[in-house]
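Structure first, commentary second.
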2 protein chains.
Amino acid sequence: MQNADSAYEALSARLERAMAAQTALTLFEWDNETLAPRQAGELTARVQGALSTAYQEAMTGEGMKELLDACRKEKLDEIPAAIVREAADEYERLACIPPEEYRAFQELVAKSTRVWAQVKQEQDFEQFAPTLEKIIDFQKRFAGYRAKPGQKLYDVMLDEYEKGFDMEALDGFFGLLRDELVPFFKEVTRSGCQPENGFLRGDYPEEKQQELVEYMAEYVGFDFERGVLAVSAHPFTTNLHNRDVRLTTHYSDRVDSSLFSVIHEAGHGIYEQGIDDELTQTLLGQGASMGMHESQSRFFENILGRSAAFWVPVYPKLQELFPQQLSGVSREEFVRAVNRVEPGLIRTEADELSYSLHVLVRYELEKQLIEENLEVSRLPQLWADKYEEYLGVRPANAAEGVLQDIHWAQGSFGYFPSYALGSAFGAQMLHGMRSELDIDALLEAGDLSPIREYLRSHIHRWGKRKTSRELLREMTGEDFNPSYYVEYLKEKYGSLCRTRS
Amino acid sequence: MQNADSAYEALSARLERAMAAQTALTLFEWDNETLAPRQAGELTARVQGALSTAYQEAMTGEGMKELLDACRKEKLDEIPAAIVREAADEYERLACIPPEEYRAFQELVAKSTRVWAQVKQEQDFEQFAPTLEKIIDFQKRFAGYRAKPGQKLYDVMLDEYEKGFDMEALDGFFGLLRDELVPFFKEVTRSGCQPENGFLRGDYPEEKQQELVEYMAEYVGFDFERGVLAVSAHPFTTNLHNRDVRLTTHYSDRVDSSLFSVIHEAGHGIYEQGIDDELTQTLLGQGASMGMHESQSRFFENILGRSAAFWVPVYPKLQELFPQQLSGVSREEFVRAVNRVEPGLIRTEADELSYSLHVLVRYELEKQLIEENLEVSRLPQLWADKYEEYLGVRPANAAEGVLQDIHWAQGSFGYFPSYALGSAFGAQMLHGMRSELDIDALLEAGDLSPIREYLRSHIHRWGKRKTSRELLREMTGEDFNPSYYVEYLKEKYGSLCRTRS
């Protein structure tokens, strides 16, 4: 028993080192995006490289395999056992790739994101194609190393972001979206019921927007005693642990852009702040999955933040901050404006209804790239065809088409589906929650705490102790069911359209 | 030769790991002081603890002693040889202390700085005395571990901050200050020629002060492509490497406070930015010593920044930013105001003339504490007596007396003298520089680059390749000579006083 105890203790000491390196890497990334001086990059990258090596050394270095084996033989409580399981997963993920291949890949990716930024500006996909081919080759090879016997490569990749959602599950999910939402989206956009939203753009002074976003983040429940908000080129959320969670936003002449982006990021942040103390700084101390994280951010942004009830107590604050711009705009007009549906080319600017159709395009293409050896050179054409078919618009160039996202340049394949899954998780949660809470009444009363507490107790606090699928099942009493998502969208946008006419 | 080469290479790999941990620690400290949320402290401290351990493990862990021995047998170029020497010094410094004693000391210091902050507020030295006694015991024991045969303990401590300046050297230096500056200071303050400076305090809006300090930092030569400026409770400078140097400032209703504090910090920053590329991220990639660092910050702040010539091109900018406050104040009046000499109790608020007398008090007391077993309980009385003798003022309580500085609570003994040494180094440099540059003409022309370049080529670029004493000798052609400092102060404050009457 003495020996058994000390194996887990020895593992904990290694994991503590890995956690420190990982947390430092997180702080460097945050700092690079928000503050670091222009010329710091190259030298700071050396520090980051050494910290990465320290992390890998702690997770996969000498003796780790034996330690994990010893731990698995021990009688451990549930949380330590789950930590051992996560450590073993991470070990497999890192250790199966020959170090020199991993290094070559890292170098390629460091270069490819720069190339991507360049060719995107030049709208020149052809120049990017050879790099993208190499990235895909690497990712297929790496997936091959990790694959269980008979497992498809794209399934291996999907598993990294969302356990329990392989191609079989996603074909069903995206098939439903294609069958139900593509025609519904066309119906809504052709109905001509497009509300006025011109007043959302204009002279919205940055200081006032800053006051607004700080107010809104706090209003939805982000705790500034355990978090901060800064500015970066692209909004994101990160965290050092559950008492240091960091959001960014950006300001433009569109007030709804900073507004909904901060509610979105606050959703991510509330998730991280809600993780149990006993999990933070362990391998279980983060959100269950990409999709579950996105479900929370989109729940706050769209399901709560773009609902009519949400604005009852808050809209006066907005009018007070921007009297010139909004005193003549009624709350109902504002709510309709922030729910305007429009065929668009850019995923990150998409409305709630068409958002998952952007993801559908990417899922279908990734599957073809990985499983059907689709030639990279054919991507722009297929991308444009699919956009035309599903969204009714065709990109005029690669920058607003296949080059718009950084994900592939970073080597992330299998990531996109989690964006759509997250939206669907959220709608299913809403359905489940309604049986216990009167959401609209709470929103109208300006009391979001029961909603937040519900999410915290069912989702946030568990960190990675359970998979997204398990959490969803335990919260809603049924397995993942995307029809709630379709119903939610049809009901909301059908009724918004009716009230417009 | 193969073997020889690989010992230094193996050392370099270890030092790279140590550098990464050290740089991460620097970033965490910066972040704690400037941004981190209030409740992050305890969990982030765990990360910092693990990074500290990683640093110590890299510098002193298994095999390090053998590696250093092997490196010392190799035929190395000058820089690698100096790096090996520094690594060996650091090894000795860390490895000679039994780990459990070091940990106990770290815990004590973590607690004692909190206790210090508390008792300072309560003006209660007695409550602090037992903690301070323990700290002194630890520091004497640690110095004992490091001491060469026959070396005095306080000399061991002094050596850590300023190589080549032991008690014998400092007795001479501080003796001169006591003999020359104490009477001169009294003469100046009694002469009644105290200029009006009331206009420096007032409604100086923070945004305007921010514009001013950014302008001034850039004006004196701080490179914002390789650096940033943020806000913290107490101004400081830190750096990740020579392309990422960070200053902080703070704002109050005293415009001269943020103004001269930013010139001071920019002086530190310019030093760090000027270190040669081949030294940065090595053990030689920092300033030569505490005193040499302070010489640069005080050179920019006082010798340049408080000179009459400096303000010829810049004062109009100040008037432009604060027309209400300064349009009726002539440049001459402004320069006299920022050089007002006053007996005061607080070191960090002292004028240029009396500053080193504050340090003199601390030097004499430290020496007695370490070498003459002065009882801690007698400190407040002796402190007050010395202030009365040298500065003509007596603290009414411990907060404005012996408890004003954090240094002792942090376990820093031997640090204070470098503040005064730095001022004296600067005056000697000025003397040397004048034989090659017409400083006043350059300042009046607003062209600081020859001055900066001179400092860079003689001091900054060398990092820690040479000691402060060597640098000074090579720059000025003579050994440290504090009479330049006395002459500089007598000349400047004598003449300021004459122009006033």
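Considering the conditions (1) part of a helix (DSSP H, G or I); (2) open to solvent by 20 Å² or more (accessible area, probe 1.4 Å), A:G164 is excluded by exactly one of them, (1).
Looking at A:P205, A:P235, which one is out of contact with any helix residue (DSSP H, G or I) (no Cβ under 8 Å at 6 or more places or on another chain), open to solvent by less than 50 Å² (accessible area, probe 1.4 Å) and of a type outside the set (G, A, S)? So the residue among A:P205, A:P235 that is out of contact with any helix residue (DSSP H, G or I) (no Cβ under 8 Å at 6 or more places or on another chain), open to solvent by less than 50 Å² (accessible area, probe 1.4 Å) and of a type outside the set (G, A, S) is A:P205.
Quick one: would you say B:L68 is within 14 Å of chain A (Cβ to nearest Cβ), modelled with pLDDT of 90 or more and under 26 Å from A:L51 (Cβ atoms)? Spelling it out, it is not the case that B:L68 is within 14 Å of chain A (Cβ to nearest Cβ), modelled with pLDDT of 90 or more and under 26 Å from A:L51 (Cβ atoms). Taking the residues in the stretch B:329-343 that are outside any helix (DSSP H, G or I) and open to solvent by 20 Å² or more (accessible area, probe 1.4 Å) as candidates, determine which candidate is farthest from B:C193 (Cα to Cα). Only one residue fits best here, namely B:S330.
Listed here are the residues, each with its yes/no results for (1) buried (at least 22 other Cβ atoms within 10 Å of the Cβ); (2) in contact with a Ser or Thr (Cβ under 6 Å, 6 or more places away or on another chain); (3) touching a residue at least 60 places away in the same chain (Cβ under 8 Å); (4) within 22 Å of A:V188 (Cβ to Cβ).
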residue: A:E371; (1), (2), (3), (4): no, no, yes, no
residue: A:Q381; (1), (2), (3), (4): no, no, no, no
residue: A:E388; (1), (2), (3), (4): no, no, no, yes
residue: A:P395; (1), (2), (3), (4): no, no, no, yes
residue: A:V402; (1), (2), (3), (4): yes, no, yes, no
residue: A:G411; (1), (2), (3), (4): no, no, yes, no
residue: A:G414; (1), (2), (3), (4): yes, no, yes, no
residue: A:S418; (1), (2), (3), (4): yes, no, yes, no
residue: A:A424; (1), (2), (3), (4): yes, no, yes, yes
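Looking across the stretch B:200-230 at every residue that is in contact (Cβ under 8 Å) with a residue 60 or more places away in the chain and outside any helix (DSSP H, G or I), the one that is nearest to the other protein chains (Cβ to nearest Cβ) is identified as B:A230.
If you go through the stretch A:16-38 and keep only what is over 18 Å from B:A20 (Cα atoms) and open to solvent by 20 Å² or more (accessible area, probe 1.4 Å), you end up with A:E33, A:T34, A:L35, A:R38.
Listed by first and then second residue, the pairs with beta-carbon distance under 9 Å, at least 6 apart or on different chains, first residue in the stretch A:343-367 and closer than 19 Å to A:Y154 by Cβ, second open to solvent by less than 10 Å² (accessible area, probe 1.4 Å) and charged (D, E, K, R), form an empty list. For B:E74, state whether it is touching a residue at least 60 places away in the same chain (Cβ under 8 Å), open to solvent by less than 40 Å² (accessible area, probe 1.4 Å), acidic (D, E) and more than 10 Å from chain A (Cβ to nearest Cβ). Taking the combined requirement at face value, the residue satisfies it.
Quick check, is A:L35 facing chain B (nearest Cβ under 8 Å), farther than 19 Å from A:G285 by Cβ and of a type outside the set (G, A, S)? Spelling it out, A:L35 is indeed facing chain B (nearest Cβ under 8 Å), farther than 19 Å from A:G285 by Cβ and of a type outside the set (G, A, S). The set of residues in the stretch B:174-190 being surrounded by 14 or more Cβ atoms within 10 Å (Cβ to Cβ) and more than 11 Å from B:V341 (Cα to Cα) consists of B:F174, B:L176, B:L177, B:R178, B:E180, B:L181, B:V182, B:F184.
For the stretch B:55-65, residues that are open to solvent by 40 Å² or more (accessible area, probe 1.4 Å) and under 27 Å from the mean Cα position of the chain (by Cα) total 1. When residues in the stretch A:315-328 are screened for being outside any helix (DSSP H, G or I), within 22 Å of A:E214 (Cα to Cα) and open to solvent by 20 Å² or more (accessible area, probe 1.4 Å), 1 of them pass. Cβ-Cβ contacts under 7 Å between residues 6 or more apart (or on different chains), taken from a first residue in the stretch A:110-125 that is in contact (Cβ under 8 Å) with a residue 60 or more places away in the chain to a second residue that is in a helix (DSSP H, G or I) and open to solvent by 40 Å² or more (accessible area, probe 1.4 Å), are listed as A:T113/A:Q410; A:V119/A:Q127; A:F125/A:P380.
Within this structure, B:A350 passes the test of being in contact with a His (Cβ under 6 Å, 6 or more places away or on another chain) and either open to solvent by less than 40 Å² (accessible area, probe 1.4 Å) or at pLDDT below 95 (or both). When the residues of the stretch A:129-161 are filtered to those that are outside any loop (DSSP other than H, G, I, E, B) and among the small types (G, A, S), the one that is most open to solvent (accessible area, probe 1.4 Å) is A:G144.
Quick one: would you say B:S297 is open to solvent by 10 Å² or more (accessible area, probe 1.4 Å) and either within 14 Å of another protein chain (Cβ to nearest Cβ) or of a type in the set (S, T, N, Q) (or both)? So B:S297 does not fit the description; no. How about the stretch B:243-270: which of its residues are over 18 Å from B:E301 (Cα atoms), open to solvent by 20 Å² or more (accessible area, probe 1.4 Å) and either within 17 Å of the chain's Cα centre (by Cα) or within 14 Å of chain A (Cβ to nearest Cβ) (or both)? B:R243, the sole residue that qualifies.
Of the residues making up the stretch A:231-242, those that are part of a loop (DSSP other than H, G, I, E, B) and more than 10 Å from chain B (Cβ to nearest Cβ) number 5. Of all the criteria given as (1) surrounded by fewer than 18 Cβ atoms within 10 Å (Cβ to Cβ); (2) in contact (Cβ under 8 Å) with a residue 24 or more places away in the chain, the one not satisfied by A:R46 is (2).
The values are calculated or read from the model by the stated rules, or taken from the named source; none is laboratory data. What you see is a predicted model, and the numbers here were worked out from it, not measured in a lab. Heads up, the Cβs are rebuilt from the backbone with ideal geometry, glycines too, and the neighbour counts pull from every protein chain shown. When the accessible area is computed, the model is the full protein with side chains, heavy atoms only, and any ligands, DNA or RNA have been set aside. Shrake-Rupley method; radii C 1.70, N 1.55, O 1.52, S 1.80 Å.
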